[in-house]
Amino acid sequence: MTYAKRVDVNQKEIVKTLRDYGASVVDLSKVGHGVPDLLVGYAGLTILVEVKSSEKATFTDAQLEFMKRWYGGALIRINDVESAIRLVNLIDAETDTDEQ
């Protein structure tokens with residue numbers, strides 16, 4: 001079975017933003033089989049990120065199946081650069097709270 005391995009048009013900008021904020025990012029978009037697009041490391045956390053081009057974009061059947069069977073760490077959806085920044089800020093806020 002062949003899987004679509006398209007990269008959403010906003011992924012490059014989202015990756016750049018995450019890296020600019022100090023995250024390490026590995027592009028997994030060519031893996032297929034429903035595996036999320038990005039592996040992100042930030043503040044000691046590892047997060048799987050599925051990039052979508054808009055809030056209206058839907059998950060594929062393979063992505064839904066992967067999510068159903070994923071028992072690891074966080075798996076989130078990011079639609080835009082602003083969401084990427086919110087993710088980093090949320091982690092920073094939680095990390096600051098934990099240190100107090």
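FYI, it's all coordinate maths here, none of it is from the lab. Values in this document were obtained by computation on a predicted structure and should not be read as measured data. We place every Cβ from the backbone using ideal geometry, glycine too, and count neighbours over all the protein chains shown.
Summary of values
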read-out	value
Hits in the range 40-74 (condition: of a type outside the set (Val, Ile, Thr) and within 16 Å of Asp8 (Cβ to Cβ))	Leu48, Glu50, Lys52, Ser53, Ser54, Glu55, Lys56, Ala57, Phe59, Ala62, Gln63
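Condition check ((1) within 14 Å of the chain's Cα centre (by Cα); (2) without any contact (Cβ under 8 Å) to a residue 40 or more places away in the chain) across all residues:
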| position | (1), (2) |
| --- | --- |
| Val35 | yes, yes |
| Leu48 | yes, yes |
| Ser53 | yes, no |
| Asp61 | no, yes |
| Glu65 | no, yes |
| Ala84 | yes, no |
| Thr95 | no, no |
